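A.B. asks: Take a look at the following structure, please.
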Amino acid sequence: MANKPLLPEMMKTHGVSRRAFLKYCASLTSLMALSPAMVPRVAKALESAPRPSVIWLSFQECTGCTESITRSHSPTIEDLIFNSVSLDYHHTLQAASGHAAEAAREQAMKDNYGKYLLVVDGSIPIKDPGYSCIAGISNLDMLKETAAGAAAIVSVGTCAAYGGVGHANPNPTGAVAVSEIITDKPIINVPGCPPIPVVMTGVLAHFLTFGIPELDALGRPKAFFGESIHDRCYRRPFYDKGKFAESFDDEGARGGWCLYKLGCKGPTTHSACATVKWNNGVSFPIEAGHPCLGCTEPDFWDNGGFYKPLSVPSGDYRKMGLAAIVGGAAIGTASALLSKAGKAKAVKAHETVNAHDLEKSS
Amino acid sequence: MNNPAFDLLMWARGPGFDIALVIFVGGIVLRLFEISILGRKRDLAPAKGNGFLQGLKTIFSRSVPREGLVKFAPVTYIGGYVFHIGFFVAFFFFAPHIALIDDAFGISWPAAGRVIIESVTALTVLALLALTYSRFTDPVRKSLTTFDDYLVLLLSALPLITGYVAVNKLFGDPTMMLAVHLLTVEALMIAFPFTKLMHAVSFVLSRYYNGSIQGRKGAES
């Protein structure tokens, strides 16, 4: 893999013109929220970027992240960017298997120690390391060993970034995110279930050109995760007008009205879905008529139900309410009866006095 | 990695709401049972009017200010009306609130647009400020005001303000502001049965009692 051609040669073989390449650089620059003046720098950096060795570790995951990234339509330039890195280890994509595969990882680590980029998808079980092993090595050990020589780590997908579905209640495997184990390396979180391909390539391109991008409090690149789905949603005008779909097959659903009442988590979800979209810009979940699940946020599996509106309590509150009515009625009745009894007792205890008695006592 | 704002929101939507609901519903039912069971002393004098009808009438007639009183205390009356109507509209016609009622009782109605909800909310907060100001400046009202009144004013204002901030993303993390909004509502729910906020329910009983007692004695409300 070390003798791969550089990007310009690859573009030539794939019939990508320089004009198309610069156009891509311009869109990438704007996507990364950089100044347009940076376009030539991005182009130059991508053209001459030394191909860093990339080791991709897949732990407790569903391969959805890899599926998503390989779904970028070939031959797109995103694809070429991916090809321009030296992907030295990736279970699903590499041809080698068994010992040969592990040898490739060890070789890449040895050759590029301190310089390679580590990409992780999937969560790491820490309850019992035996829950998930690769070639007899537990995920925890492999992550620690591989992270030691990495220049930086990219946690791809919500499982690697925040624990994801493995971490969801009751978390039987004790699944955790990469950042809970590795604390001495820069980590870029690219959450999503799965993440958008172009966001992945954008983050890699940023890493190649300008290093680690600016991150938010949850370790996500601000350029892609700075705005909420709700603020960028094309259905937002319906929310503002108070027009909502009440079911998946009513006038509102057919008319493309807001999906808030069907459980849309857009207001609390930060992602580029509404602007960058999926499948080469075709659409995104809300455009397909489904509420946003909030998959780029930590613990989104435990947000009280995908189809429950954000404003609705997540627990079984009706039972609590009924119990409160019964309890309140019982205590109220008891308290009132006690007061009545006290009153009757007080009346009974009244001594009858007349003016003479009073005069006597004073 | 956890998002503290999200965790707080989930607490507010989960255990926080359950606790507030139990105190809110349980407290209201408790007080209503107490009030109804204690009742009133039987009036043994022959009735000079229909106490029942006058009681019912008073429930509504007390919502209309007496002649001259609006001029006498304009801030109290106008501010009071704006606040009560505004709070009602902001609560019952904002879509996320309707979604909650729909989930709880299975009934829903059309939501109002953003312009209406937000203008009404802003007006309601202004009315509350005016009412608070008059409590500070009018010596009579000031001497009548207790800590309970200020607490109730604050508890009523906070959900309106935090809701406005959360929807418009004025400051703070929007998820955190949504959580804070829910927590302020829960504080209002918890205080409701044990403060003057209870008047939102008990006004029916107190007005009926007043109207029927006087009505029985022949006074028209």
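The values are calculated or read from the model by the stated rules, or taken from the named source; none is laboratory data. Because the structure is predicted, anything quoted here is derived from the model rather than measured. Every residue, glycine among them, receives a Cβ derived from its backbone with ideal geometry; neighbour counts consider all protein chains shown.
A.B. asks: Here is a list of conditions, (1) in contact with a helix residue (DSSP H, G or I) (Cβ under 8 Å, 6 or more places away or on another chain); (2) assigned to a helix (DSSP H, G or I), and A:Lys144 meets all of them except one; can you say which number that is?
C.D. replies: Result: A:Lys144 passes all but (1).
A.B. asks: Take B:Phe93 and tell me if it is closer than 27 Å to B:Pro159 by Cβ, of a type outside the set (Val, Ile, Thr) and within 14 Å of chain A (Cβ to nearest Cβ).
C.D. replies: Yes: the conditions hold for B:Phe93.
Here's the yes/no breakdown for (1) within 19 Å of the chain's Cα centre (by Cα); (2) surrounded by 15 or more Cβ atoms within 10 Å (Cβ to Cβ); (3) under 21 Å from B:Trp109 (Cβ atoms); (4) not aliphatic (A, V, I, L, M):
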{"position": "A:Met200", "(1), (2), (3), (4)": "yes, yes, no, no"}
{"position": "A:His206", "(1), (2), (3), (4)": "no, yes, no, yes"}
{"position": "A:Gly211", "(1), (2), (3), (4)": "no, no, no, yes"}
{"position": "A:Phe244", "(1), (2), (3), (4)": "no, yes, yes, yes"}
{"position": "A:Lys265", "(1), (2), (3), (4)": "yes, yes, no, yes"}
{"position": "A:Phe284", "(1), (2), (3), (4)": "yes, yes, no, yes"}
{"position": "A:Leu293", "(1), (2), (3), (4)": "yes, yes, no, no"}
{"position": "A:Asp302", "(1), (2), (3), (4)": "yes, yes, no, yes"}
{"position": "A:Phe306", "(1), (2), (3), (4)": "yes, yes, no, yes"}
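A.B. asks: Any residue at all in segment B:48-55 that's surrounded by 13 or more Cβ atoms within 10 Å (Cβ to Cβ), assigned to a loop (DSSP other than H, G, I, E, B) and in contact (Cβ under 8 Å) with a residue 12 or more places away in the chain?
C.D. replies: Yes, there is a match, as at least one residue in segment B:48-55 is surrounded by 13 or more Cβ atoms within 10 Å (Cβ to Cβ), assigned to a loop (DSSP other than H, G, I, E, B) and in contact (Cβ under 8 Å) with a residue 12 or more places away in the chain.
A.B. asks: Determine, yes or no, whether B:Ile85 is of a type in the set (Val, Ile, Thr), part of a helix (DSSP H, G or I) and away from every other protein chain (no Cβ under 14 Å).
C.D. replies: The answer is yes for B:Ile85.
A.B. asks: Would you pick out the residues in segment A:308-322 that are closer than 30 Å to B:Arg40 by Cα and either within 21 Å of the chain's Cα centre (by Cα) or at the interface with chain B (Cβ under 7 Å from one of its Cβ atoms) (or both)? Full working, then the answer.
C.D. replies: Within segment A:308-322, the first condition is being closer than 30 Å to B:Arg40 by Cα, and the residues that meet it are A:321-322.
Scanning segment A:308-322 gives a single hit, A:Gly321.
A.B. asks: Go through (1) surrounded by fewer than 20 Cβ atoms within 10 Å (Cβ to Cβ); (2) within 26 Å of B:Phe17 (Cβ to Cβ); (3) out of contact with any Ser or Thr (no Cβ under 8 Å at 6 or more places or on another chain); (4) hydroxyl-bearing (Ser, Thr, Tyr) one by one and return the number of the condition B:Thr124 breaks.
C.D. replies: (1)
One line per residue, one yes/no per condition, for (1) out of contact with any helix residue (DSSP H, G or I) (no Cβ under 7 Å at 6 or more places or on another chain); (2) free of Cβ contacts under 8 Å to residues at least 24 places away in the same chain:
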residue: A:Gly263; (1), (2): yes, no
residue: A:Ser271; (1), (2): no, no
residue: A:Ala274; (1), (2): no, no
residue: A:Pro298; (1), (2): no, no
residue: A:Leu310; (1), (2): no, no
residue: A:Gly321; (1), (2): no, yes
residue: A:Lys345; (1), (2): yes, yes
residue: A:Val353; (1), (2): yes, yes
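A.B. asks: Let me ask you something else. Quick check on my filter: what residues within segment A:239-253 are more than 10 Å from every other protein chain (Cβ to nearest Cβ) and either touching a residue at least 24 places away in the same chain (Cβ under 8 Å) or outside any loop (DSSP other than H, G, I, E, B) (or both)?
C.D. replies: Once the filter is applied, which keeps residues that are more than 10 Å from every other protein chain (Cβ to nearest Cβ) and either touching a residue at least 24 places away in the same chain (Cβ under 8 Å) or outside any loop (DSSP other than H, G, I, E, B) (or both), segment A:239-253 yields A:Phe248, A:Glu251, A:Gly252, A:Ala253.
A.B. asks: Keeping to segment A:329-362, report how many residues are more than 30 Å from B:Val25 (Cα to Cα) and either at pLDDT 95 or above or acidic (Asp, Glu) (or both).
C.D. replies: Summing the residues that are more than 30 Å from B:Val25 (Cα to Cα) and either at pLDDT 95 or above or acidic (Asp, Glu) (or both) in segment A:329-362 gives 3.
A.B. asks: Also, I was wondering about something else. Given (1) of a type in the set (Ser, Thr, Tyr); (2) crowded, with 17+ Cβ neighbours inside 10 Å; (3) modelled with pLDDT under 95, where does A:Ser123 come up short, assuming only one miss?
C.D. replies: (3)
A.B. asks: Would you say B:Ser63 is polar (S, T, N, Q), away from chain A (no Cβ under 14 Å) and more than 30 Å from A:Ile188 (Cβ to Cβ)?
C.D. replies: yes
A.B. asks: Of B:Ser143, B:Ser119, which residue is over 16 Å from the mean Cα position of the chain (by Cα), assigned to a helix (DSSP H, G or I) and within 14 Å of another protein chain (Cβ to nearest Cβ)?
C.D. replies: On the way: B:Ser143 fails: within 14 Å of another protein chain (Cβ to nearest Cβ).
It is B:Ser119.
A.B. asks: Identify, by number, the condition in (1) surrounded by fewer than 16 Cβ atoms within 10 Å (Cβ to Cβ); (2) touching a residue at least 12 places away in the same chain (Cβ under 8 Å) that B:Ile98 doesn't meet.
C.D. replies: (1)
Yes/no per residue for (1) more than 30 Å from B:Ala20 (Cα to Cα); (2) more than 60 Å from the chain's Cα centre (by Cα); (3) more than 9 Å from chain B (Cβ to nearest Cβ); (4) not aromatic (Phe, Trp, Tyr):
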{"site": "A:Gly332", "(1), (2), (3), (4)": "no, no, no, yes"}
{"site": "A:Leu338", "(1), (2), (3), (4)": "no, no, yes, yes"}
{"site": "A:Ala341", "(1), (2), (3), (4)": "yes, yes, yes, yes"}
{"site": "A:His350", "(1), (2), (3), (4)": "yes, yes, yes, yes"}
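A.B. asks: Scan segment A:202-238 for residues that are away from chain B (no Cβ under 14 Å), in a helix (DSSP H, G or I) and touching a helix residue (DSSP H, G or I) at 6+ places or on another chain (Cβ under 8 Å) and report the count.
C.D. replies: 10
A.B. asks: Got a number for residues in segment A:154-198 being of a type outside the set (Gly, Ala, Ser), within 14 Å of chain B (Cβ to nearest Cβ), surrounded by fewer than 19 Cβ atoms within 10 Å (Cβ to Cβ) and within 16 Å of A:Gln60 (Cα to Cα)?
C.D. replies: Number satisfying all stated conditions: 4.
A.B. asks: Residues of segment B:13-44 being more than 9 Å from chain A (Cβ to nearest Cβ), among the hydrophobic types (A, V, I, L, M, F, W, C) and in contact (Cβ under 8 Å) with a residue 24 or more places away in the chain, which ones?
C.D. replies: B:Ala20
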